[in-house]
Amino acid sequence: MYDLECENLTKLFGRHRAVNDVSFEVPRGSFFSILGPSGCGKTTLMRMIAGFETPANGDIYIKGKSVLATPPNKRSVKMVFQHLALFPMMNVGENIAYGLHCQGESKAEIGRKVTAVLDRVGLPGVAEKQIAQLSGGQKQRIAIARCMVLEPDVLLLDEPLGALDLKLRERMKIELKLLQSQFNTTFLYITHDQSEALIMSDNVAVMNAGRFEQIGSPEQLYNNPKTGFVAGFVGDSNRWLGRVVDVAGKAARIDLEHGGQIVATLNDDAVAAGMQVEVFVRPETISLRSDNHEGNRLSGVVDSLLFNGANSRVLVRTGHGDLVEVSLAVMDGSSPIRPGDAVDMVWQREHCLCFALAGWNDAS
Ligand code: ATP
């Protein structure tokens, strides 16, 4: 059973297709993110679901019923905006109670619901506080409480962590996920930040230029991207361009654009000899151990070490001038790596993600 279904949704601004034939469904009580770069159409899609934009084509179903003819305030959908849009002149309790007043609920019922929702977001006893007295994280939770008190079927969140500093954003990712499972309400979250989408979501749709490229769990998108765009946008990757020399079974030999040859296990059936391809290799799948004779090997010189805690990297410059990122986490630590060291980078052929280059054709 789905709380939200979108069917062939399209939105035109003049001749520009901001959202282009998008279909997806969100299972009840799940956390679903739409991930894509700025301008790809995320907000427009969300505004159609909320009822603030009218689609040129397609339909939207909440709990199985079309809501196209339902005005925004009558849809069982609430929206948290990036800048939260809390009313600064009202205290916390009044902010949360506002929607309930508009629905004509009794004073006693409103008081009970406000207290209950403040408990659920972990902020009991703040009803009398002014908005300006709250921390950034508390404001986030109040913005969510103000929506959740109305018991929507779907909560829409439009980059709500965008205005927070990095540390608070990291903490709020986890809090939002916990809040979602506690309310057991469907959350539809839009973001351009892949780490937010991967950490919080049950499923993620990767959006590019108005279309969905792939929908899947974070693990599926990371380990088994279906397009070069998804491989490049989700997670860190080294990316090379190349041309396929030949294909034998599932193995393709590829001449890299700047020199060097590798072998990739094909995950894209469209790839054939002579084609231009893009190849992605995750930094954590490359090893600097020279005893590994299987798979691919590229030689280079350590350019620099980038310390970033568990996500630290070694940058290696190949003889052909390419810079390759290798994860420091895969080093065994017995022999420290220093800039200027000559190294061999080795990785298994199945760790190459290889896709026909978008826009490539035989004539090019
Ligand atoms: P961001 O992450 O920067 O908010 P987004 O992915 O949410 O981007 P949208 O805001 O949905 O993208 O915009 C999609 C495209 O539609 C963009 O090219 C934008 O310029 C265009 N667009 C959005 N709203 C309008 C409008 N009211 N009139 C004309 N064009 C619009």
- Message: Suppose only helical runs count, i.e. DSSP H with n ≥ 4. What mean residue ellipticity at 222 nm does that imply for the chain under -39500 (n - 2.57) per run, divided by all residues and rounded to the nearest 500 deg cm²/dmol?
- Response: -7000 deg cm²/dmol
- Note on the structure: Per the C-alpha gyration tensor (a ≥ b ≥ c, the square roots of its eigenvalues), the stretch 47-109 is rounded if a/c is under 1.5, else prolate if a/b beats b/c, else oblate; here it's oblate
- Note on the structure: The rounded separation in angstrom of the Cα centers of the stretch 31-67 and the stretch 220-298 is 35 Å
- Message: If you average the alpha carbon positions of the stretch 141-180 and of the stretch 94-125, how far apart do those two centres end up, in angstrom?
- Response: 18 Å
- Of all DSSP beta bridges located in the chain, what percent are antiparallel, nearest 5? 75 percent
- Note on the structure: Over the chain, the quotient of the Cα radius of gyration and 2.2 N^0.38 Å is 1.19
- Item | Amide N of the stretch 258-274 lying under 18 Å from the label point, which is placed 7 angstrom from the Cα of Ala248 along Cα→Cβ | 261-267, 272-274
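How high is the relative contact order of the chain? Use alpha-carbon pairs under 8 Å, at least six apart in sequence, and give a whole percent.
Details: 772 pairs, mean separation 55.0, N = 364.
Dividing the mean separation by the residue count of the chain yields 15 percent.
Starting from 0.36 nm per residue, how many nanometres of slack lie between Leu68 and Thr10 once their C-alpha separation is accounted for? It would help to have the intermediate numbers written out before the result.
Numbers: separation 58, 0.36 × 58 = 20.88 nm, distance 1.30 nm.
Full-extension gain reported as 19.6 nm.
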- Item | Assigned charges on the beta-carbon of Lys, Arg, Asp, Glu; the chain dipole about Cα centre (debye) | 1160 debye
- Flagged links, alpha-carbon separation over 20 Å, of Lys42/Lys78; Lys65/Lys177; Lys113/Lys139; Lys129/Lys167; Lys226/Lys250: Lys65/Lys177; Lys129/Lys167
- Measure off 7 Å from each Cα along the Cα-to-Cβ vector at Glu257 and Gln133, then give the distance between these two points in nanometres to one decimal. 5.8 nm
- Query: Using Cα pairs under 8 angstrom and six or more residues apart, how large is the relative contact order of the stretch 35-172, in percent?
  - Reply: 31 percent
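None of the figures in this text is laboratory data; all of them are computed from the coordinates on show. Being a predicted model, the structure only gives us computed values, none of them experimental. Glycine gets a Cβ as well: all are built from the backbone with ideal geometry, and neighbour counts include every protein chain shown.
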